[in-house]
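Each remark here refers to the structure printed beneath this line.
Laboratory data are not the source of any read-out in this text; all were calculated from the coordinates shown. Because the structure is predicted, anything quoted here is derived from the model rather than measured. So basically every Cβ, Gly included, is an ideal-geometry build from the backbone, and we count neighbours across all protein chains shown.
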Amino acid sequence: MKLLPVLRLLLVATLLLGVAGACVRKAAPVATPTGPETRVYVVRHAEKDLTPGLTDPALMPEGQARAQALAAAIPRQTRLSAVFSTDTKRTRTTAQPLAAARALPVLLYDARDLPALAARIRRDYPSQNVLVVGHSNTMLETVDALGAPRPVPGIPDEAYDYLLEVRLPTDAARPATAVAHHYGVRSH
């Protein structure tokens, strides 16, 4: 006899869960862009040695770990065609693990001429994926040079974990877009 109330309770609980589940709406699928696009991933170098007086500091152990995290942050199925870096030890060392994992050379660019980098990416890598490793004070300027709106108002100097994803449609009628992601251990 005591089994009947337990079964009744289980039946009521099951019905309530079923009703609650029916009320939950599935998220609408994310709209995917139509047509081909170039995707540019923009990061700053990983954590650097902050010893005063160093003109070209190396990465700290935390920075070396972040460089490895960058290699994992861009999925293997995202085929990269190029890896760009400024000519500093910290940016080259940040780019190297991902470039090595994808058997790509690290191509140097001049951070003082970001429009030239943007033109090169548009010209040489249409409908492909590219990584650009720069500095905290060039990340958003790179987004500007690529013609996309800034996804964040600023990049704090202590923030090393931003990964900006810029999408450049090959169809000039569609606007460029940018979103900010984070990778590795949160740094700010």
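So the values come out like this:
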| read-out | value |
| --- | --- |
| Inter-part distance where the stretch 43-66 and the stretch 128-185 are each reduced to a Cα centre, Å | 21 |
| Descending semi-axes in Å of the stretch 37-182, equivalent ellipsoid built from Cα gyration tensor | 24, 16, 14 |
| Sorted by Cβ neighbour density within 10 Å, fewest at the top, the residues Met60, Met139 | Met60, Met139 |
| Thr51, Thr91, Thr138 arranged by Cβ crowding within 10 Å, fewest neighbours leading | Thr51, Thr138, Thr91 |
